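Participant: So that we are looking at the same thing, I have put the structure below in C-alpha cells.
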DNA sequence: CAACTAATTTAGAATTATTCTAAAAAATAT
DNA sequence: ATATTTTTTAGAATAATTCTAAATTAGTTG
C-alpha cells in the first residue's frame, strides 16, 4: 500500500472512530491535519492549504469541520491571540510557548511544566482544562549599553 | 473632600503617573475602571457602562484608551474567549478561572498556583509573561445514576 | 440499483469585534 | 490669545466567524 493510501485509510478510520461521516471534505482536511507531525492551524490557513492542494472545500466547511473535530476530541482549540483561534492536533496534555507579535506557537511537552497548588474549582464547577501559555518576546541583543 | 472628588483625584494622578493627558474621556474611564475593586471588562462593556453614566465617549476612544492603559502597565489584556478581549485592572501576578460557555472570569491570587519546571525560553527570546487559565465547566449534578 | 431520508456542503449574506481615517475638538505651549 | 500637538470621533473598513437556505451527497431500504 502506498503512503497516500495509508494516510487515506488512517483518516477514514479516524473519522469512523469518532462517528463522523467520511465525506470528501472531512477526509481531505483530516489528511492535511493528521498525516505528519503535530501542528497548529487557523481556519484560514487550513483553507488556503486545502485550496493549494486542489481540494475544493469552502471556508464554512473548514470552520464546521474544525469545530466538529474539536468536539470529537481529536483537535484542541487554542485561544491565545486576540482575534483568531488556532487548532492543535496534539490533544495530549501539554502547554504552549507563544511568540508575541507573531503568529508562532510551539508545544511544550506536558512534563515540561508542572502546575502546583491548583485551587479547588468553585462550587458547582469542575476543571475542564488547565492552559498554561508562556508568552515570549524577543530578548534584546545587548551589544552595547543603552544610553 | 467627597469620595467623588477623591476618585477624580486618584484617576488624574494615575494618568499623570503614566504620562497620559488627563482628558475628560480618559479620566472618566479611569474612574470607572479603578474606583472600586478589581474588575475584568471588555471594550463593549465599558463603553455601555460609560454611556449609562452619561459619559459621552465613543467606542473607538474606549478601545484606544484600553490599549494605552495596557501599554502603560495599568491594565492587562486577557485573551481567553475566542472573539473578544478582556482587560483586567489587577496587574499584579495572578491567574484566572474561566467559566466556559459564559463570559465570567475570576482571579486566582498569584500565590494560589505555582508553575514549576518552566522550560527555558527558546534562543533569542525571553519570557514576557506566564498565563495560567483554569477552564471550568458546570459539574454534573449526579442525583441518580445516568442510564 | 432506484428512491428516499438525513446529513453535509456551500455561496453569500450577516454578525461581531476591532481598527482605520480624516476631520473636528480639546489640551498644552508660546 | 494663538499656534502646535494630541485626542476624540463618526463612520467606513477590515477580519474572523457564524448563519441561512438551497443544492449536493452519503447512507439506507425496498
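Participant: Residue under question is residue A:83, and the condition is that it be loosely packed, with under 14 Cβ neighbours inside 10 Å, over 28 Å from residue A:5 (Cβ atoms) and within 15 Å of DNA strand C (Cβ to nearest atom); does it hold?
Facilitator: It is true that residue A:83 is loosely packed, with under 14 Cβ neighbours inside 10 Å, over 28 Å from residue A:5 (Cβ atoms) and within 15 Å of DNA strand C (Cβ to nearest atom).
Participant: Consider residue A:48 carefully, then state whether it is farther than 14 Å from residue A:15 by Cβ and more than 15 Å from DNA strand D (Cβ to nearest atom).
Facilitator: On the way: farther than 14 Å from residue A:15 by Cβ: yes; more than 15 Å from DNA strand D (Cβ to nearest atom): no.
For residue A:48, the condition - farther than 14 Å from residue A:15 by Cβ and more than 15 Å from DNA strand D (Cβ to nearest atom) - is not met.
Participant: Now for a separate question. Could you grab me the full set of residues in segment A:15-31 that are more than 10 Å from DNA strand C (Cβ to nearest atom) and in contact with a helix residue (DSSP H, G or I) (Cβ under 6 Å, 6 or more places away or on another chain)?
Facilitator: Hits for segment A:15-31 are A:18, A:30, A:31.
Participant: Failed condition for residue A:56, given (1) within 12 Å of DNA strand D (Cβ to nearest atom); (2) out of contact with any helix residue (DSSP H, G or I) (no Cβ under 9 Å at 6 or more places or on another chain), with all others met?
Facilitator: Single failed check for residue A:56: (2).
Participant: Tell me, which residue of segment A:7-35 that is within 15 Å of DNA strand D (Cβ to nearest atom) and assigned to a loop (DSSP other than H, G, I, E, B) is farthest from residue A:65 (Cα to Cα)?
Facilitator: Among those residues, the one meeting the criterion is A:19.
Participant: Which of the numbered conditions does residue B:4 fail, given that it passes all the others? Conditions: (1) in a helix (DSSP H, G or I); (2) within 15 Å of DNA strand D (Cβ to nearest atom); (3) away from every other protein chain (no Cβ under 14 Å).
Facilitator: Single failed check for residue B:4: (2).
Participant: If we scan segment B:1-14, do we find a residue that is more than 15 Å from DNA strand C (Cβ to nearest atom) and surrounded by 13 or more Cβ atoms within 10 Å (Cβ to Cβ)?
Facilitator: Yes, segment B:1-14 contains a residue that is more than 15 Å from DNA strand C (Cβ to nearest atom) and surrounded by 13 or more Cβ atoms within 10 Å (Cβ to Cβ).
Each reported figure results from applying straightforward, stated rules to the coordinates on display, with no laboratory input. In this text, all values refer to a predicted model and were calculated from it rather than measured experimentally. Don't worry about glycine lacking a Cβ; one is built from the backbone with ideal geometry, like all the others, and counts go over all protein chains shown.
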